[in-house]
Amino acid sequence: MSIWAAVPLATCLAYICVFIFAIQRVDKRVNRVFAYYLGLAAFWSFTSFMLRLQTEPELALLWNRILAVALVAALVAYYHFVRLYTGRLPGRGVHLGYLALPVLLFVSLTTDWVIVDSYIEDGALVHTLGPAIYAIGALSLFYTFSVLYLLRKKYRESRDPIERNRTAYLLAGWCIMAPLAYTNLIPVVKALPLDHIGSFANIAIIAYAVTRYNLLDIRLVARRSLGWFILLMLFIAIYTGGLFIGLRLFPAIAHVAIITGTSVFVILLFLISRPVWQNVEQAIDRLFYRQSYAYRQSLADFGRHTGRSLNLKELACQLLPMLTNAINVERGYLLIRDGSSDYFKVCYAYPEAEGVKSDQTLSFDPDNPIVFWLDKHNRHLSLDSIDRLAHFKALWTDERQQLDKLGIKMFFPVKSKGKMVSIIALGQKKNHRLYSAEDISMVEGITGELGEILENAQLYNSAMIKANTDELTWLYNHRYFHERLEQEIARGSRFGSTFSLIMLDIDLFKVYNDIYGHLAGDQVLRRVAEYIKEAIRSIDLAFRYGGEEFAVILPETTIQDAYKVAERIRKMIEADPASRTMPVTVSLGIANWPGDGVMREEIIGAADAALYHAKNSGRNRTGLTADVSASGENKSAAKQSGRSRSLNIIHALAATVDAKDSYTYGHSRKVSEYAVSLAEAIKLPENKVSIIRTASLLHDIGKIGIQDSILNKKEFLTIAEWEPIKAHPEIGVEILRHVTELSDCLPLILHHHERYDGRGYPAGLQGSSIPQGARIIAIADAYDAMTTPRPYRGRMTREDAVR
């Protein structure tokens, strides 16, 4: 038996295995023809195996003649399969091919026109070809190039990523097998079974892709194959080198021992080479993915890193940038199911971290064909499928045009416990290529774990909205007003921006209630709230302050522009056609930050003073803080001593220090709360508690002059960088020492970084020589620092920080 007989035998067995699998999926004509091709290809390999077994020239000639016919039969069958696969009828080429097979078989077996003689010599096949072999070769070339043309055309025209990937498999297999099939015509290598090596590679590549729907991406196969090839070559080199060195250096040792020892060494090396393999994989992935590699890694870890997050906006602002950059698309949208209407609405978009512009809104009702299809099939949906499938004929024209306007090319459903909670919509790829199967697999992989995360975040978001919303007017409530006002002050301190505050009160509302009743009064409150929402921008915030009072925060708005908004609100309410015989009017007051005050209480007081000036001036008008000053009203409240003004400026500076870095936002306020709690726990007098409260609020004010690059540095600081950090207590004291009211706070601010063992700064004080208030602030400061995430480390648990 020739050693080369093993190659066609292995190929025959591979075809038989796939044939057994394929005949179980013959519900479609294309699958039946594919199974038919597998059977003929297995028979072709079997004839080659039998040929190489023979030592008698007569039997070798017989099997070689049968082999030639079997090869043509397999080629015709594959051409038949490809025509059906590409959506074509069999055609004359298929029919003529099948009709020619019996003629070819008769000619081959009864004449010398195809094979003249054939025999095995020194384990290799030797044969002489007849004149008809060239006609057979020309016919085979027709089928070969026809298959190549049809598959290439199918790949270029297809828009379905799964279908394109399957076609890529077929093309790859055919491009390997076809050239090797003609090596029988090359005298130098015609004795070798290179045709069956190519055939084996072909069946190994395409079988899984054609008969299954869960495909591996061809590029993924290429990457993994490259990795294994590099590793295989490395170990072959090590093994060969080991044998060469062993045989040269130790000629006295038996060759069997050297071979055994080298084999054991290489096997052990392979077992412990997992880190090397991982590095090779990473290097190849970086080569293939380049800039998107880091985003793909982050996306793979998305669920693990964000599983505990309940902030819907934070989740979306992390997910969309990672997703769009990982698969290199121009735009990504997240549509969230609205709890009240069940509509899916675009809530977040990237690149547009702040949300979606007014002209880019998109929403789907629960009966929309796209929503229905995604919910039913639970798989991706491409824009080309929407245009092609009859199911989407019910889609409204303006909805279809909106998809083009937003550049959406692909939809992915996000489900939790069988219920669709969200939809991910992705745009065109930046390189204008089509989505690959790996792209789709990656997105569908993340949607599996994303569903539960988003549902939990939606529930939390709904609870937070309910907690922050006034149930009568559906505006934000009083508690949330103070929270957002603090945030605007901090943002303005950090970025040097401004904002305006409008306070609004319904005129004579008590009289209205007395005349028409509280139910009618509630209707008025709702209408006023609607007019306010209609008159302001999407970035503005409206609140029900309490009773018949409302408030509006206008970010990035001067007092002149705020006056225009206030007047628009006032006129809309005054013109309300739903008002009864008693018209409804409102009075408004406006204040601007920081011109009318830097502290929360100041800005509210200024707007309130302007509001009541408007009421006292006849109602149904808008008042400004300048009007209050000009009229002489509330002069005692308007006049502030130089010292009080200094205190306000200093507290604003403290807020600026906190706002310099998102990691330490609110740090001074929390340190103050902790320090006061400690002081009260050891029953300090009220005057000392008050000093500690103020000192802890201002303890880091000396950091105002430290560069952001040092405060936000993620690595350890250098000795040079530590110097300004250590100087901030003394700088803080220097800033505050001219304010007499803060004289008792200075020792606490100066020494809040001292340590009980004397290793602190700036004075290196020890034990009880450190002021008691400074010791309390040091503990509060350290605890908040440990329980807050910083650039250079994560957050500690409460238990670890206490310990």
*Among (1) over 30 Å from SER538 (Cα atoms); (2) in contact with a helix residue (DSSP H, G or I) (Cβ under 9 Å, 6 or more places away or on another chain); (3) open to solvent by 60 Å² or more (accessible area, probe 1.4 Å), where does SER416 come up short?*
(3)
*Confirm whether ALA720 is touching a His at 6+ places or on another chain (Cβ under 9 Å) and part of a helix (DSSP H, G or I).*
no
_Answer residue from the stretch 786-803, given it is out of contact with any helix residue (DSSP H, G or I) (no Cβ under 8 Å at 6 or more places or on another chain) and in a helix (DSSP H, G or I) and is surrounded by the fewest Cβ atoms within 10 Å (Cβ to Cβ) among those_ = GLU799
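Do we have LYS376 as more than 21 Å from the chain's Cα centre (by Cα) and either farther than 13 Å from PHE344 by Cβ or β-branched (Val, Ile, Thr) (or both) here?
Taking the combined requirement at face value, the residue satisfies it.
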_Counted residues, the stretch 40-62 - those being closer than 19 Å to VAL116 by Cβ and in a helix (DSSP H, G or I)_ = 10
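Hey, can you tell me all the residues within the stretch 499-535 that are in contact with a strand residue (DSSP E or B) (Cβ under 8 Å, 6 or more places away or on another chain) and either surrounded by fewer than 18 Cβ atoms within 10 Å (Cβ to Cβ) or of a type in the set (D, E, K, R) (or both)?
Keep residues of the stretch 499-535 that are in contact with a strand residue (DSSP E or B) (Cβ under 8 Å, 6 or more places away or on another chain), which gives 499-507, 512, 524-525, 528-529, 532-533.
ASP505, ASP507, LYS533 - these are the residues of the stretch 499-535 that are in contact with a strand residue (DSSP E or B) (Cβ under 8 Å, 6 or more places away or on another chain) and either surrounded by fewer than 18 Cβ atoms within 10 Å (Cβ to Cβ) or of a type in the set (D, E, K, R) (or both).
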*Only one of (1) of a type in the set (A, V, I, L, M, F, W, C); (2) assigned to a helix (DSSP H, G or I); (3) modelled with pLDDT of 80 or more is not met by LEU220, so which one is it?*
(3)
*Lone unmet requirement of (1) surrounded by 18 or more Cβ atoms within 10 Å (Cβ to Cβ); (2) touching a residue at least 40 places away in the same chain (Cβ under 8 Å) for ARG494*: (1)
*Sole exception among (1) in contact with a Gly (Cβ under 6 Å, 6 or more places away or on another chain); (2) open to solvent by 40 Å² or more (accessible area, probe 1.4 Å) for ALA390, by number*: (1)
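Got a number for residues in the stretch 453-479 being aromatic (Phe, Trp, Tyr) and outside any loop (DSSP other than H, G, I, E, B)?
Count: 2.
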_The listed residue being surrounded by fewer than 17 Cβ atoms within 10 Å (Cβ to Cβ) and not in a helix (DSSP H, G or I), out of GLU715, GLU680_ = GLU715
_From the list TYR149, TYR98, exactly one residue is open to solvent by 70 Å² or more (accessible area, probe 1.4 Å), farther than 18 Å from ASP195 by Cα and within 56 Å of the chain's Cα centre (by Cα). Which is it?_
TYR149
*Among the residues of the stretch 727-751, how many are under 47 Å from the mean Cα position of the chain (by Cα), assigned to a helix (DSSP H, G or I) and not aliphatic (A, V, I, L, M)?*
4
*Which residues, taken from the stretch 749-771, are open to solvent by 80 Å² or more (accessible area, probe 1.4 Å) and touching a helix residue (DSSP H, G or I) at 6+ places or on another chain (Cβ under 8 Å)?*
ARG755, TYR756
_Conditions (1) more than 28 Å from LEU170 (Cα to Cα); (2) polar (S, T, N, Q); (3) in contact (Cβ under 8 Å) with a residue 24 or more places away in the chain: number failed by THR111_ = (3)
_Residues to consider are ILE370, ILE453, ILE446; find the one that is open to solvent by less than 50 Å² (accessible area, probe 1.4 Å), within 22 Å of ARG159 (Cβ to Cβ) and of a type in the set (Val, Ile, Thr)._
ILE370
*So LYS28 fits all but one of (1) modelled with pLDDT under 80; (2) closer than 30 Å to ARG164 by Cα; (3) in contact with a Leu (Cβ under 8 Å, 6 or more places away or on another chain); what number is the exception?*
(3)
*Do you know which of the residues in the stretch 572-600 that are open to solvent by 70 Å² or more (accessible area, probe 1.4 Å) and part of a loop (DSSP other than H, G, I, E, B) is modelled with the lowest pLDDT?*
ARG580
*From the residues in the stretch 299-333 that are closer than 14 Å to GLY448 by Cβ and at pLDDT below 75, which one is surrounded by the most Cβ atoms within 10 Å (Cβ to Cβ)?*
LEU299
*Considering only the stretch 419-443, how many residues are outside any strand (DSSP E or B) and either in contact (Cβ under 8 Å) with a residue 60 or more places away in the chain or surrounded by 16 or more Cβ atoms within 10 Å (Cβ to Cβ) (or both)?*
13
*Among (1) open to solvent by 30 Å² or more (accessible area, probe 1.4 Å); (2) in contact (Cβ under 8 Å) with a residue 12 or more places away in the chain; (3) in contact with a Leu (Cβ under 8 Å, 6 or more places away or on another chain) - the single one ARG737 does not satisfy*: (2)
*Are any residues in the stretch 6-18 open to solvent by 30 Å² or more (accessible area, probe 1.4 Å) and at pLDDT 80 or above, and if so, which ones?*
VAL7, LEU9, ALA10, LEU13, ILE16
*Look at ARG65 and say whether it is of a type outside the set (Phe, Trp, Tyr) and not in a helix (DSSP H, G or I).*
no
*Of all helices (runs of 4 or more DSSP H) completely enclosed by the stretch 78-194, which ones contain at least 1 residues that are modelled with pLDDT under 85?*
132-157, 161-181
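The values are calculated or read from the model by the stated rules, or taken from the named source; none is laboratory data. Keep in mind that what you see is a predicted model, and the values were worked out from it rather than measured. Don't worry about glycine lacking a Cβ; one is built from the backbone with ideal geometry, like all the others, and counts go over all protein chains shown. Side chains included, ligands, DNA and RNA excluded: accessible areas come from the protein's heavy atoms. Shrake-Rupley method; radii C 1.70, N 1.55, O 1.52, S 1.80 Å.
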